[in-house]
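Chemist: My questions will all concern the structure given below.
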Amino acid sequence: MQLSRSQQNTEYSLIFSHLGKMIEGTLSQMIEKSSSNESEFLSYTEACELFKISRITLRRWIKKGKLKPISLSPKKNYFKRSEIIDFIEASQSQTVER
């Protein structure tokens with residue numbers, strides 16, 4: 001039995017939706033089950049609090065392409081702790097060189 005184009009598209013949409021939910025769930029579990037107290041991933045709030053910056057500054061860095069959030073869903077974005085640390089260290093070394 002051959003599916004119509006519309007049925008195929010619907011089936012593909014369901015598959016991609018299911019895969020997206022599986023990936024989101026897996027990433028969420030990875031973040032929650034971090035074995036150390038210092039999670040590899042930081043939420044917007046955690047990043048701002050840890051590095052004593054405002055959300056505006058964090059958004060500015062994202063807009064300039066200096067940081068890239070990892071999106072788990074439209075409302076769940078995280079950052080790699082190591083990327084933020086590297087960025088801040090690079091920024092501080094540039095400031096010292098000036």
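Chemist: Mind listing just one residue for me: the one in segment 30-48 that is closer than 17 Å to residue 68 by Cβ and outside any strand (DSSP E or B) and, of those, modelled with the lowest pLDDT?
Modeler: 31
Chemist: Here's a follow-up. Among the residues of segment 43-70, which ones are small (Gly, Ala, Ser) and free of Cβ contacts under 8 Å to residues at least 12 places away in the same chain?
Modeler: The answer is 54, 65.
Matching residues to (1) of a type outside the set (A, V, I, L, M); (2) closer than 30 Å to residue 18 by Cα; (3) part of a helix (DSSP H, G or I):
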| position | (1), (2), (3) |
| --- | --- |
| 50 | no, no, yes |
| 53 | no, no, no |
| 56 | no, no, yes |
| 67 | no, yes, no |
| 71 | yes, yes, no |
| 77 | yes, yes, no |
| 87 | yes, no, yes |
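The values are calculated or read from the model by the stated rules, or taken from the named source; none is laboratory data. It should be emphasised that the depicted structure is a prediction, and the values quoted were computed from it without experimental measurement. Note that we place each Cβ from the backbone using ideal geometry, even for glycine, and neighbour counts take in every protein chain shown.
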